[in-house]
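Note sheet for the following structure.
Readers should treat all values here as calculations from the given coordinates under stated rules, not as data from a laboratory. The structure presented is a predicted model; accordingly, all values stated were derived computationally and were not measured. In this analysis, Cβ positions are derived from the backbone assuming ideal geometry, glycine residues included, and neighbour counts consider all displayed protein chains.
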Amino acid sequence: MVKNHSLARAISDASWRELRSMLEYKARWYGRTVVAVDRWLPSSKLCSACGALQDRMPLNIREWTCACGAVHDRDVNAAKNVLATGPAES
């Protein structure tokens, strides 16, 4: 572990940039497109059924029910929102 938090963040960011760069390269190679969504998209807190945004949701909440009645698994809901947002941002 790196004790310097700024250095640790820089290393982590560089790793993500490198991964994205490799993905974009391979996508071009195979004639595909990479679509990146906003880093701060509240994908876990946004209801994929009605679009309502939850105010707060601590990380220990794994399942939640929206006011519209839809029951969501946090990770599955986030994946649905990212999938729906991707084409809109391209």
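In the list [x] 19, 57, 22, 2, 0; [y] 22, 63, 16, 0; [z] 15, 32, 30, 21, 2, the label attached to P(r) over Cα pairs in 10 Å bins from 0, in percent as derived from the coordinates here is [z]. For K45, the lysines whose Cα falls under 24 Å of its own Cα, not counting residues fewer than eight places away in the same chain, are K80.
Hey, got the dipole for the chain? About the Cα centre, +1 on K and R Cβ, -1 on D and E Cβ, debye to the nearest 20? In debye, rounded to 20, the chain gives about 260.
Which angle from 0 to 90°, rounded to the nearest 10, does the C-alpha axis of helix 74-89 make with the longest principal axis of the chain? Roughly 70 degrees between the two axes. With contacts taken as Cα pairs under 8 Å at a separation of at least 6 residues, the chain carries a relative contact order of 26 percent.
Couplings 3J(HN,Hα) of the range 52-61, computed from phi: 5, 9, 6, 5, 10, 8, x, 5, 7, 7 Hz, in residue order, whole Hz [Karplus 6.51 cos²θ - 1.76 cosθ + 1.60, θ = phi - 60°; x for Gly and Pro]. Taking the alpha-carbon distance from K3 and a cut-off under 20 Å, which aspartates and glutamates remain once sequence neighbours fewer than 8 residues away in the same chain are dropped? Candidates past the 8-residue exclusion: D13. Footprinting exposure proxy ranking of D55, D73, fewest other C-beta atoms within 10 angstrom first, gives D55, D73. Look at the alpha carbon pairs under 8 Å that are at least 6 residues apart: their mean separation over the length of the range 37-90 gives a relative contact order of 40 percent.
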